[in-house]
Amino acid sequence: MSDSQVGLGARLVESREQAGLSQNDVAKALLLDLSVIKALESETFDELPEPTYVRGYIRSYARLLSLTPEDLLEIYDQQDHNEPEWEINEPARHEVAQGRQFRHVTLVVALVIFGLLVTWLLTEGNGHKDEAQEEVLVASMEEPADTSPHSEISSSEEQSEPLVPLSDSESVDAAPVNEESVAVAEHSDVAIEEPVTEQELVEGALSVADDESLGDFSLAGVVAEGQDRVKLTFNNDSWVEIVDSNGVQVLRGLFKKGTVRELVGSAPFSVFLGNTQGVAIQINNQSFDPAPFTRRDSTSRFTLKAQ
Amino acid sequence: MFNSLLGFLSNDLSIDLGTANTLIYARGKGIVLNEPSVVAIRQDRGPGGPKSIEAVGIKAKKMLGRTPENIQAIRPMKDGVIADFTTTEKMLQYFIKKVHENSLFRPSPRVLICVPCGATQVERRAIRESANGAGARKVYLIEEPMAAAIGAGIPVDEALGSMVLDIGGGTSEVAVMSLNGIVYSASVRIGGDKFDEAITSYVRRNYGILIGEATAERIKHEIGSAYPGKELLEIEVKGRNLSEGVPRSFTLNSNEILEALQEPLYGIVSAVKTALEQTPPELGSDVAERGIVLTGGGALLRDLDRLIMEETGIPVVIADDPLTCVARGGGRVLEMMDEQGTDFLALD
């Protein structure tokens, strides 16, 4: 380093003397103070202004002596000299780094939120699918119960009806058989009708009070165990979702004005009403007022306990 | 709140919106863009048809003077201020987007823009609005010589007079600064463009040959000088001979260009002289002792420092990398702003 320090001043002095100039001549030519020229040649940069100026002085000095200023400036740059006052890059850089960290954190948080959103959407979609499948299942369970007995009855009647004239006209022997078959048919009728009534009983116990709800997404087929009876009277159209304490969804769907629903389950029920004002609730024949739970958009979520 | 969130995703930018070149300094990155302030606009289907941006920057500059009827290459800045508001906005938008290439969202950086100290309130407002329109979240304006001084590494915060001469494409600004403030400033509408014009008209007058803007600029870069030098440089160029009407090639030398540049050069010199006259004596003596600092692209004109030195009798120093001084200074101001608030400089 001392080598290069000697380099700059010495090179200036050497070139100046070769050109036959005195320090005064140089000072006059460059319009600088003699002290500045002396300081440059003795490399006492503390006496000189900021590096911006010093570099300029070196450049014009080099040009005067026909030296290449870049070489001299390189030597000057290698030395320690007072940094300009405005260099406050350190804290600023630190802050920039911090900013970058923040940026990364923000990005990560955004990604996590996005991921959660996507998972939620997917699970929500699956939930709907499951419910839809459940409904289909319920429907398929109900259908054979409803239709097969009727069809069997009709088929047995069809079978028995042509048999009767046969028994009348052709043979007496056949009559007991026919009678038997009719009896069997009658018996089967009874036997088959029994589950129907059972089914109807179950349905009645669960909900069905009128036929209007057939188009609704009611989960009437879901068997909920429990003793608590809830009665919903719809004075207005409303969405309802009721889950009992076992986690069984006992009622879900949009119900029209005028519908009355009764259901059985085990309290407490968690209830979600879409239009709270339009629904009157009774639990175990005692009315329940959902008004305190009503939100601004007239929806409400609350737990219905046995009274 | 949303803005501050977006702020994390954008860099703070310092923009030197110059007549000739636009430079952008991004915080923590340095100079990220240096392109000519030129926009090429395509307008199909006649004069009332829809306009679209054909090219911006270097690509558009190549089109200057070489466009067909439906494309127009425009320099939206003139004399340091906005001449074409919408085009400037589009250009800024393009540049800001370009320096945020890897960004997912629409960039909305804080932007510090340099304005000539001679700009009127209306012109300042136009610059501010166009930056806002280009997507800036917050716009700060700083006077060009102040940014140039800071970028050149001059200690403007000390109780010490410093003079800066910033020669840009459209304007030249001279200012005396002390204690973070401007004591005197003046702006003359002479810059690189005027040099080019002077060369064009000199060639037409003396040779009867018409040359384009780009050729004039090339002549200036290669053999232009402000002071008679030891060696004589020559350049061969081609232009349209006015009397014959056909392109002809001819040779120009540096002395001829020196002669051509006399008028604009003396405009600048007289601005410096006026500034020295108007400077308070204490600050004037500081300037005389330390020298005038030259920044801006005009400082690259050969021997300009020598001319000013001879004319004023005061040492003249050329800043390192004079082209980027203003943008770098603006960048440093942005960094300081976060530490010291916006009060330390007279930012509009």
Report task. Confirm whether A:SER270 is surrounded by fewer than 21 Cβ atoms within 10 Å (Cβ to Cβ), in a strand (DSSP E or B) and among the polar types (S, T, N, Q). Result -> yes
**Report entry** Hey, B:GLU236 among the charged types (D, E, K, R) and either more than 14 Å from every other protein chain (Cβ to nearest Cβ) or not in a helix (DSSP H, G or I) (or both) or not
**Finding:** yes
Query raised in the report: Restricting attention to region A:22-46, which residues are without any contact (Cβ under 8 Å) to a residue 24 or more places away in the chain and not in a helix (DSSP H, G or I)?
Result: A:SER22, A:LEU31, A:ASP33, A:THR44
Requested in this report: Quickly run through region A:56-69 and pick out the residues that are part of a helix (DSSP H, G or I) and touching a Lys or Arg at 6+ places or on another chain (Cβ under 7 Å).
Outcome: A:PRO69
Report task. Select from region B:43-58 the residues that are within 27 Å of the chain's Cα centre (by Cα), touching a residue at least 24 places away in the same chain (Cβ under 8 Å) and over 15 Å from B:THR86 (Cβ atoms) and list them in ascending order. Result -> B:GLY57
Query raised in the report: Only one residue in B:THR274, B:THR251, B:THR312 is hydroxyl-bearing (Ser, Thr, Tyr), closer than 20 Å to B:SER172 by Cα and away from chain A (no Cβ under 14 Å), so which one is that?
Result: B:THR274
Query raised in the report: For B:ASP305, which of the numbered conditions (1) surrounded by 24 or more Cβ atoms within 10 Å (Cβ to Cβ); (2) free of Cβ contacts under 8 Å to residues at least 24 places away in the same chain; (3) more than 9 Å from chain A (Cβ to nearest Cβ) fails to hold?
Result: (3)
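Just the residues that are farther than 14 Å from A:LEU304 by Cα, within 31 Å of the chain's Cα centre (by Cα) and of a type outside the set (Phe, Trp, Tyr), please, taken from region A:250-277.
A:ARG252, A:GLY253, A:LEU254, A:GLY274, A:ASN275, A:GLN277
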Query raised in the report: Cβ-Cβ below 9 Å, separation at least six or inter-chain, first residue in region A:47-68 and at positive phi, second assigned to a helix (DSSP H, G or I) and modelled with pLDDT of 85 or more: which pairs?
Result: A:SER66/A:SER15
Report task. Could you tell me whether region A:239-261 includes any residue that is in contact with a Pro (Cβ under 7 Å, 6 or more places away or on another chain) and either of a type outside the set (Phe, Trp, Tyr) or not in a strand (DSSP E or B) (or both)? Result -> yes
Query raised in the report: In region B:308-317, is there at least one residue being buried (at least 22 other Cβ atoms within 10 Å of the Cβ), over 23 Å from the mean Cα position of the chain (by Cα) and within 29 Å of B:LEU210 (Cα to Cα)?
Result: no
Requested in this report: Quickly run through region B:106-143 and pick out the residues that are of a type in the set (A, V, I, L, M, F, W, C) and closer than 12 Å to B:ASN11 by Cα.
Outcome: B:VAL111, B:LEU112, B:ALA136
Query raised in the report: Can we say A:TYR53 is touching a Leu at 6+ places or on another chain (Cβ under 7 Å), among the hydroxyl-bearing types (Ser, Thr, Tyr) and either modelled with pLDDT of 90 or more or in a helix (DSSP H, G or I) (or both)?
Result: no
Query raised in the report: Would you pick out the residues in region B:162-189 that are more than 19 Å from B:ILE268 (Cβ to Cβ), away from chain A (no Cβ under 12 Å) and touching a residue at least 40 places away in the same chain (Cβ under 8 Å)?
Result: B:SER178, B:GLY181, B:VAL183
**Report entry** Options B:ALA198, B:ALA152, B:ALA147, B:ALA119: the member that is among the hydrophobic types (A, V, I, L, M, F, W, C), surrounded by 19 or more Cβ atoms within 10 Å (Cβ to Cβ) and more than 29 Å from B:SER285 (Cα to Cα)
**Finding:** B:ALA198
Query raised in the report: How many residues are more than 12 Å from B:VAL176 (Cα to Cα) and either of a type in the set (Phe, Trp, Tyr) or away from every other protein chain (no Cβ under 14 Å) (or both) when one looks only at region B:282-298?
Result: 3
Query raised in the report: Exactly one of (1) at pLDDT 80 or above; (2) assigned to a loop (DSSP other than H, G, I, E, B) is unmet by A:LEU72. Its number?
Result: (2)
Requested in this report: Determine, yes or no, whether B:VAL326 is assigned to a helix (DSSP H, G or I), surrounded by 19 or more Cβ atoms within 10 Å (Cβ to Cβ) and either away from every other protein chain (no Cβ under 14 Å) or modelled with pLDDT of 95 or more (or both).
Outcome: yes
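Quick grid of which residues meet (1) surrounded by fewer than 15 Cβ atoms within 10 Å (Cβ to Cβ); (2) of a type in the set (S, T, N, Q):
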residue	(1), (2)
B:VAL246	yes, no
B:SER249	yes, yes
B:ILE257	no, no
B:LEU261	no, no
B:VAL272	no, no
B:GLU282	yes, no
B:ARG290	no, no
Requested in this report: Could you pull out every one of the strands (runs of 3 or more DSSP E) wholly within region B:3-116 that has 1 or more residues that are surrounded by fewer than 15 Cβ atoms within 10 Å (Cβ to Cβ), in contact with a helix residue (DSSP H, G or I) (Cβ under 9 Å, 6 or more places away or on another chain) and within 14 Å of chain A (Cβ to nearest Cβ)?
Outcome: B:30-36
Query raised in the report: Has region B:193-208 got any residue that is over 30 Å from B:ILE96 (Cβ atoms) and in a strand (DSSP E or B)?
Result: no
Query - Selected residue (criterion: surrounded by the most Cβ atoms within 10 Å (Cβ to Cβ)) from residues of region A:23-42 that are under 26 Å from B:ASP157 (Cα atoms) and away from chain B (no Cβ under 12 Å) - result: A:LEU40
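The values are calculated or read from the model by the stated rules, or taken from the named source; none is laboratory data. What you see is a predicted model; the values in this text were computed from it and never measured. Reconstructed Cβ throughout: ideal geometry from the backbone, glycine too, with neighbour counts over all protein chains shown.
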